[in-house]
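Data block below; observations after.
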Amino acid sequence: MSSKTKIFLVAGARPNFMKVAPLISQLYRFPNMFGTKLIHTGQHYDTDMSDVFFQDLDLPEPDRFLGVGSGSHAEQTGRVMIAFEKVCLEERPDLVIVVGDVNSTMACALTAKKLCIPVAHVEAGLRSRDWTMPEEINRVVTDTVSDLLFTPSRDADENLLLEGIPPHKIHFVGNVMIDSLFASLPKSENRNALETIGLKSGNYAVLTLHRPSNVDERKVLAGIVGVLIDLSHELPIVWPLHPRSKKNLERFGMLAALENAVGMKITEPLGYLDMLSLNRHARMIITDSGGIQEEATVLGVPCITLRDAIRAAVFSAWSTNKQNIRIPELWDGKAAERVIDVIVSYYS
Ligand code: UD1
């Protein structure tokens, strides 16, 4: 029998892939100590939402693909738990590492913990205090059952301490997603996403929108779309459409008006490198994605979170000076190295 520590690294949905990439390269630094397996739950499964990220981030083929697909929260979470439990029972990992806050994160953390397998959560401690967000439930449950909690920021440590998590479990390591960003910036420069879409560096806004609270209800979405069409008359906007948003725009009959709006460019979801290149050269970003907000901070691009009354915020961000944007502590491209150093000493 091998004496290596068997580690499962779990990824399920689009925002997980850029977080597991630096962790897997760091685990490969210790080939004699760790036997690492990448488990893809299949929560996201399209070329656009999954495959292209494996190519762009040089991720290895997953060792196991659980193929759970889409469904209601209970269906999706349940399917991940059932499939992941089988794999855990077959292979008996010594540690399960989960990242982020998607349904797959919580499902695999819970499954492992109930089998008494230690769980490490990377990107622990983030809180919105909004319990209508599925991600908030996923974060709190995952953190509660985790044995090692790796945080991206000091306020995340404070959140965990206030919830009674023992300090020795908490490790402030910085932001692994930013590791991927720094590692991929040079490659993103070779992309010609801007030319292909017909944009000029520094003279457009990137828009992303997919939160259920923004796109699932006709009235809310109609309000947002109205403001966006109005804004697109005054500044160029590029919107790579998430499948959830596309489905709803079609269902509510709003897609054609958007596609015909003068300065609005609607695209398919973009791969990691194209999106990075687009974000890097943007004048501003309008988004409801937590990850893109963090990337915007590091890229020094003014970013606003999309709400109803966005006109004033958009124009203020459009004229923000990039020099005034500060990069948070330990968002330096070395977070995954710190995660794996802690795991190495945990097993030494
Ligand atoms: C999920 C995550 C969210 C993350 C987002 C990024 C949860 C609760 N939410 O939300 O935190 O920010 O991913 O994308 O885990 N679909 C496809 N192709 C795919 C995957 C999904 O067409 O490869 C469609 C399906 O019709 C599905 C819908 O998109 O019903 C939504 O997918 P789902 O995984 O349920 O949640 P997201 O909205 O993507």
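Any read-out appearing in this document is the output of simple, stated calculations on the displayed coordinates, not a laboratory observation. Keep in mind it's a predicted model, so treat the numbers as computed, not measured. As a convention, Cβ positions derive from the backbone with ideal geometry for all residues, glycine included, and neighbour counts pool all protein chains shown.
Out of segment 254-278, which residues are over 15 Å from the mean Cα position of the chain (by Cα), touching a residue at least 12 places away in the same chain (Cβ under 8 Å) and part of a helix (DSSP H, G or I)?
Listed by number, the residues that qualify are ALA257, LEU258, ASP274, SER277, LEU278.
Could you tell me which residue of segment 188-217 is surrounded by the most Cβ atoms within 10 Å (Cβ to Cβ), considering only residues that are touching a residue at least 60 places away in the same chain (Cβ under 8 Å) and among the charged types (D, E, K, R)?
ARG211
Taking segment 331-348, which residues are in a helix (DSSP H, G or I) and closer than 17 Å to MET18 by Cα?
ALA335, ALA336, GLU337, ARG338, VAL339, ILE340
Please state which one of LEU241, LEU249, LEU306, LEU278 is within 30 Å of GLY333 (Cα to Cα), in contact with a helix residue (DSSP H, G or I) (Cβ under 7 Å, 6 or more places away or on another chain) and either acidic (Asp, Glu) or within 16 Å of the ligand (Cβ to nearest atom) (or both).
When all the criteria are applied, what remains is LEU306.
Please give the number of the condition GLY69 fails out of (1) within 11 Å of the ligand (Cβ to nearest atom); (2) assigned to a loop (DSSP other than H, G, I, E, B); (3) in contact (Cβ under 8 Å) with a residue 40 or more places away in the chain.
Tallying (1) within 11 Å of the ligand (Cβ to nearest atom); (2) assigned to a loop (DSSP other than H, G, I, E, B); (3) in contact (Cβ under 8 Å) with a residue 40 or more places away in the chain, GLY69 fails exactly one: (3).
Considering only segment 152-181, how many residues are assigned to a helix (DSSP H, G or I) and either loosely packed, with under 15 Cβ neighbours inside 10 Å or in contact with a Cys (Cβ under 8 Å, 6 or more places away or on another chain) (or both)?
7
Of all residues in segment 310-330, count the ones that are touching a residue at least 60 places away in the same chain (Cβ under 8 Å) and either touching a Leu at 6+ places or on another chain (Cβ under 9 Å) or of a type in the set (Val, Ile, Thr) (or both).
4
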